[in-house]
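Data block below; observations after.
The values are calculated or read from the model by the stated rules, or taken from the named source; none is laboratory data. Since the model is a prediction, treat every value here as computed from it, not as a measurement. Here the Cβ positions follow ideal geometry from the backbone for every residue, glycine too, while neighbour counts run over all protein chains shown.
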Amino acid sequence: MTQDKILHEVTQGEYKYGFYTDIEQDALPKGLNEDIVRMISARKNEPEFMLEFRLKAYRHWLTMKMPQWPHLKIPAIDYQEIIYYSAPRQKAKLNSLDEIDPELKATFDKLGIPLDEQKVLSGVAVDAVIDSMSVKTTFKETLAELGIIFCSMSEAIREYPDLVKKYLGSVVPYTDNYFSALNSAVFSDGSFCYIPKGVRCPMELSTYFRINAANTGQFERTLIVADDDSYVSYLEGCTAPMRDENQLHAAVVELVAMERAEIKYSTVQNWYPGDKEGRGGIFNFVTKRGMCRGNYSKISWTQVETGSAITWKYPSCILRGDYSTGEFYSVALTNNFQQADTGTKMIHIGKNTRSRIVSKGISAGKSNNSYRGLVKVLKGAENARNYTQCDSLLLGDKCGAHTFPYIEVENKNAVVEHEATTSKIGEDQIFYCNQRGISMEDAVGLIVNGYAREVINQLPMEFAVEAQKLLQISLEGSVG
Amino acid sequence: MLSIHNLRAKVEGKEILKGINLEVKAGEVHAIMGPNGSGKSTLAGVLAGRDFFEVTEGEVMFEGKNLLDLSPEDRAREGIFLGFQYPVEIPGVSMVNFMKTAINEIRKYRGKDPLSASDFLKYMRLKAEVVEIDTKLTSRSVNEGFSGGEKKKNEIFQMAMLEPRLAILDETDSGLDIDALRVVAGGVNKLRSKDTATIVITHYQRLLDYIVPDYVHVLYDGRIVRTSGKELALELEEKGYDWIKQEMMQ
Amino acid sequence: MEPNTALLGPDNDYLRLFDANRGKLTQSIPSFLVDLRKEAVESFRMLGIPGKKNENYRYIDLQTSFNNTFRKELQPKNITFNVEDIFRCDIPELDADVILVLNGIYYDTHRPMRELEGGILAGSLAEAFRLFPGIVEKHFGKYADHRKDGLVALNTALATDGFFLYVPDGIQMKKPIQVINLLMSDEPTFSQQRNLLVIGKGASVSLVVCDHTLSPEKFLSNNLTEVFAARDSRFEITRLQNEHNASTQVLSQFYMQEANSLVNNNTITLHGGMVRNNLYVQLNGEGAENNAYGLFITDQGQHVDNYTFVDHAVAHCNSNQLFKGVLDDYSSGAFNGRILVRKDSQKTVAYQKNNNLLLTSDARINTKPQLEIYADDVKCSHGAAVGQLDKQAMFYLQSRGIGRDEARLLLMNAFANEIIAKIQVEPIRERIAELVGKRLRGELSRCHNCTMHCC
């Protein structure tokens, strides 16, 4: 029982990023209609094709209903109460860092994301997105020398319309699902990245998302294209202030990997999870999908999900090229009243395609954590291989851990394996640690980190350290 | 009995055997030694017909037949036995059913009637005694849950059952303690005759204390680089493989 | 013409059938049953036949089968010849009490209820309605909820007969009971069988059930069994499904298990056009254990679909599920299993596995094992695999002189044996091993004209 008590205390940690920055905002009125969609497009000086894209998406969205199948209890969302466009007001064009609103800069400093290139963690280029706007992209020039385009989505739409036209919506069409349709209609910014043929991106690219303003939804759009024989590693981090109401985050991320290209996409998701009573927090309903278009291409998703009131997303891979590889490594931790329904889809289309799924769920408090995954092997996908390992750890007797894998195989040469276990934290392991003088809290932290190690190891160094700390913090007061 | 001429083979595009020549006559015991990665197990696999290996050149004649034209099972039916380095576990297939199927298929191939169930069991019991294998093992699934030593004993037991003309023992000594080694070697020696031949593949000289070879070959980088009598094994034991490598360099 | 005949079509034809037979369906049955039927009709009106949009039925198209137009009667007409003369389903050395059910109706009208050793009652469910309304009322419709599944509703509304078994407390039945379900008709036939099995405290019984089609016509059956296993009871059921390619069978089994009861449920699907097995288990007393094992072998255009739902409603219960499929030609299969561990069901041990062999490029398998867990001190795991025969094992067998075909058969039999080995009654186990062996050799793959050679 003392264990339960300590576990309980350990998981009661506070959210450390819950501050709010007072920045002057340029916002559209709340609510959603065609005029709002047109206004968003106009604000961003978008070419005609983008407005058409948005309007088509919006009209399609009107015909859709929010799906009911996830293992989540989602309160009704009033889409007319959301502000769809809110941007920090700033000068028309930034020429140097000094021109960024000092409050804004301070915000990112506080988050540990310095926008000053000299101070930036070595080898990481950052695109900082606050509410709906990209505020600063670092190291652009360095990257440009290699032909790498790394900029905000708005800029890409203006500067590289052909690339955007070619790839936007090619992996996640607006018709794909309810939230992709919504995002396609109202997305305001995000990151764009193009790695030319044969280029290995020398530094980690990173987007840092911050929701700041109240009542706003965040709808960013990320598109990464890796041309033949290129490589890029991309990181995504996110935080939000503590607010009593729920805020919607419905992003779309599209990845395209051409012949022999490799994209590694890592997420450390730490949106505000709501308070201990389950008030507030972000609804994180994101569509992330990668297309392995070329032969021998590879897409690898790694996610550490500790935040959000509700997480509902399935970063997926369409393995179209022969010999292409998809990977999904995930740690999802839920505490208090958080809910998560997350996993992946691996669609094997090309020959000799491989996929690997490692999912580690950790449930604490009164939370519910579900893994949901689809492995589909189409008829022509000769010699497809999939291995899925999916473990759930329960900390306490008031939470839930669920596993819903779907396996659909239409090819006899496929080998698909799924294994899953659910257990509580090992008392003998804790005792062993205790006996060696380690406190209960540290022991749980150690064991949980060990449990998640296989996934955390996939993250780039700086992120791995952050993820590890995050797990510990998110568990504070929850071990039970 | 067995005549290998300029045998070359690849694995996943990489050439492992680079022209093997070897003559084995009835009644002889040949030892093939060599450092790790020299191609010993590949040679055994190629002779038994494993399709993982691709033969690119050369000829293997066994009792006047072109071995490379035959399927793995027909090679076995012709009298080739491979003692595996890592015998695979086959859950759900009982040893009795497995051996009975094998023996009767081989008998069929040779134009003989199948053994009746009772004759088969008698025969199996007899052979189990010869190689001193615990009959409890024969009532289990093939190799399932067997210890390393039990698996190797089981290989020798199967060899006794199938009475091959040519036995190829691939690292049969690896992972065995001295008592198990004695049992395994004893089994092999009991099965030696003037009509049969044995190829013993081993990394160490130890096994050759028990199974005394007529010839010792050293396989290095896909070729047989030295052939001599049993004293070669002792020399290798003493000096290691480095001196062969050095000689090759010169 | 009898008023109880209707053309089978969309869902409302079933409703019409109820209206047309209201009198018959509500006469000479206990009043609680009359009410239950009426409620079930309303449920069916709401639910209909489950379609692919129903998550539990996403891999099977039952609506087409149920909407198929063929003559349907509430009670299939009498067969004029003596079934016993033409059918012998003997399992060598199996000493069992044999019970025949023809087209869903208990066959032996002369002796509709038998009393076996120890006061065991075995007979017609319709007869049990009349003779033992007390027992029936206590259990009937209590475990199969017509509000949750249209097929349960349909059976509850319209089924009139089936098999009834009552084993009094403390009775250990030595002989197994063999129930033979026959489908035989000279026209396409729809039937619904309803079974109720009540196993008393500390009682023990073993049941063998064989499903056969004896004539080549189309058959559609929607069968339902409810089993109550009282505390400390033991129950083993082995079912052999062997129907022809023009048959569609839905079998829903509902178990309610009390403390320390043990149920072993073995389902061998040897042959059948379209088969859907629903298994619902509620472990309702501490120490209860349920083991569900299934093997299905499909070829041509057959489809076999297994759905399981094991509900760990209390602490300290064990459950095991192992389902294996061998799929040939352009056949398809599905496994959809769910384990629910409720809050406070601590010390639960639950295991679930589905393994499949695909033999051709046209065969398809969908598998969806699910865990839903709300208690922390549990050991739960599940797994699913789709693959082919182990290449290394194949080579090992070949290197011992065993030919490719024979080696494949050995390995396929080994794959199947894991399930067969779970069957406790030896003569049945041996008989099934033999039948499965033959089936894997393809010797039984043409069941069309086989009326009685299959057993």
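Quick look at the values:
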| item | result |
| --- | --- |
| Residues located in the range A:288-337, provided they are under 19 Å from A:ASN246 (Cβ atoms) and either touching a residue at least 60 places away in the same chain (Cβ under 8 Å) or basic (Lys, Arg) (or both) | A:THR306, A:GLY307, A:ALA309, A:ILE310, A:TRP312, A:LYS313, A:THR334, A:ASN335, A:ASN336, A:PHE337 |
| Subset of the range C:180-194 [closer than 24 Å to C:ILE428 by Cβ and surrounded by fewer than 24 Cβ atoms within 10 Å (Cβ to Cβ)] | C:ILE180, C:LEU182, C:MET184 |
| One residue from A:ALA401, A:ALA381 being touching a Gly at 6+ places or on another chain (Cβ under 8 Å) and assigned to a loop (DSSP other than H, G, I, E, B) | A:ALA381 |
| Any hit, the range A:262-279, residues being on the phi > 0 side of the Ramachandran plot, free of Cβ contacts under 8 Å to residues at least 40 places away in the same chain and surrounded by fewer than 24 Cβ atoms within 10 Å (Cβ to Cβ) | no |
| The range B:141-152 residues that are within 13 Å of B:VAL93 (Cβ to Cβ) and within 11 Å of another protein chain (Cβ to nearest Cβ), paired with ones that are part of a helix (DSSP H, G or I) and of a type in the set (D, E, K, R) (beta carbon under 7 Å, 6 or more apart) | B:ASN143/B:LYS151 |
| Failed item in (1) assigned to a loop (DSSP other than H, G, I, E, B); (2) in contact (Cβ under 8 Å) with a residue 24 or more places away in the chain; (3) not acidic (Asp, Glu), with C:SER361 passing the rest | (2) |
| Helices (runs of 4 or more DSSP H) contained in the range B:133-197 and holding at least 1 residues among the hydroxyl-bearing types (Ser, Thr, Tyr) | B:135-138 |
| Answer residue from the range B:74-89, given it is under 22 Å from C:ASP405 (Cβ atoms) and part of a strand (DSSP E or B) and is nearest to the other protein chains (Cβ to nearest Cβ) among those | B:LEU82 |
| Scope the range B:174-201; condition surrounded by 21 or more Cβ atoms within 10 Å (Cβ to Cβ) and touching a His at 6+ places or on another chain (Cβ under 8 Å); matching residues | B:ALA197, B:THR198, B:ILE199, B:VAL200 |
| Selection count where residues are outside any helix (DSSP H, G or I) and small (Gly, Ala, Ser), scope the range B:90-120 | 4 |
| Within the range A:116-209, strands (runs of 3 or more DSSP E) holding 1 or more residues that are modelled with pLDDT of 85 or more | A:149-152, A:191-195 |
| Strands (runs of 3 or more DSSP E) wholly inside the range A:260-372 that include at least 3 residues being more than 15 Å from A:CYS238 (Cβ to Cβ) and of a type outside the set (Val, Ile, Thr) | A:281-292, A:298-305, A:316-319, A:325-334, A:339-348, A:354-364 |
| Neighbours by Cβ (under 7 Å, 6+ apart or cross-chain): first from the range C:239-258, surrounded by fewer than 24 Cβ atoms within 10 Å (Cβ to Cβ); second among the basic types (Lys, Arg) | C:ALA246/C:LYS218; C:GLU258/C:ARG231 |
| Failed item in (1) within 17 Å of B:ILE80 (Cα to Cα); (2) of a type outside the set (Lys, Arg); (3) surrounded by 15 or more Cβ atoms within 10 Å (Cβ to Cβ); (4) at pLDDT below 90, with B:PRO164 passing the rest | (4) |
| Answer residue from the range A:211-224, given it is in a strand (DSSP E or B) and in contact with a Leu (Cβ under 7 Å, 6 or more places away or on another chain) and is nearest to A:GLN80 (Cα to Cα) among those | A:LEU223 |
| Near pairs, Cβ below 6 angstrom, 6+ apart or cross-chain, from the range C:372-400 (free of Cβ contacts under 8 Å to residues at least 60 places away in the same chain and more than 7 Å from chain A (Cβ to nearest Cβ)) to any residue that is among the aliphatic types (A, V, I, L, M) and not in a helix (DSSP H, G or I) | C:GLN392/B:VAL88; C:ALA393/B:VAL88; C:ALA393/B:ILE90; C:TYR396/B:VAL88; C:SER399/B:LEU82 |
| Residue list for the range A:404-436, restricted to those being without any contact (Cβ under 8 Å) to a residue 12 or more places away in the chain and either assigned to a loop (DSSP other than H, G, I, E, B) or within 7 Å of chain C (Cβ to nearest Cβ) (or both) | A:LYS412, A:ARG436 |
| Verdict on B:SER71 being over 28 Å from B:TYR210 (Cβ atoms), more than 8 Å from chain C (Cβ to nearest Cβ) and free of Cβ contacts under 8 Å to residues at least 60 places away in the same chain | no |
| Unique residue being among the hydroxyl-bearing types (Ser, Thr, Tyr), more than 9 Å from every other protein chain (Cβ to nearest Cβ) and within 30 Å of C:LEU409 (Cα to Cα) when the list is C:SER345, C:SER361, C:SER331 | C:SER331 |
| Subset of the range C:406-448 [over 21 Å from the mean Cα position of the chain (by Cα), at the interface with another protein chain (Cβ under 10 Å from one of its Cβ atoms) and among the acidic types (Asp, Glu)] | C:GLU406 |
| Of residues in the range C:217-256 being small (Gly, Ala, Ser) and at pLDDT below 95, the one nearest to C:PHE66 (Cα to Cα) | C:SER221 |
| Those strands (runs of 3 or more DSSP E) lying entirely in the range C:136-221 with at least 2 residues of a type in the set (S, T, N, Q) | C:177-183, C:189-191, C:204-213 |
| Some residue of the range B:172-190 being in contact (Cβ under 8 Å) with a residue 40 or more places away in the chain, in contact with a helix residue (DSSP H, G or I) (Cβ under 7 Å, 6 or more places away or on another chain) and either within 13 Å of chain C (Cβ to nearest Cβ) or aromatic (Phe, Trp, Tyr) (or both) | no |
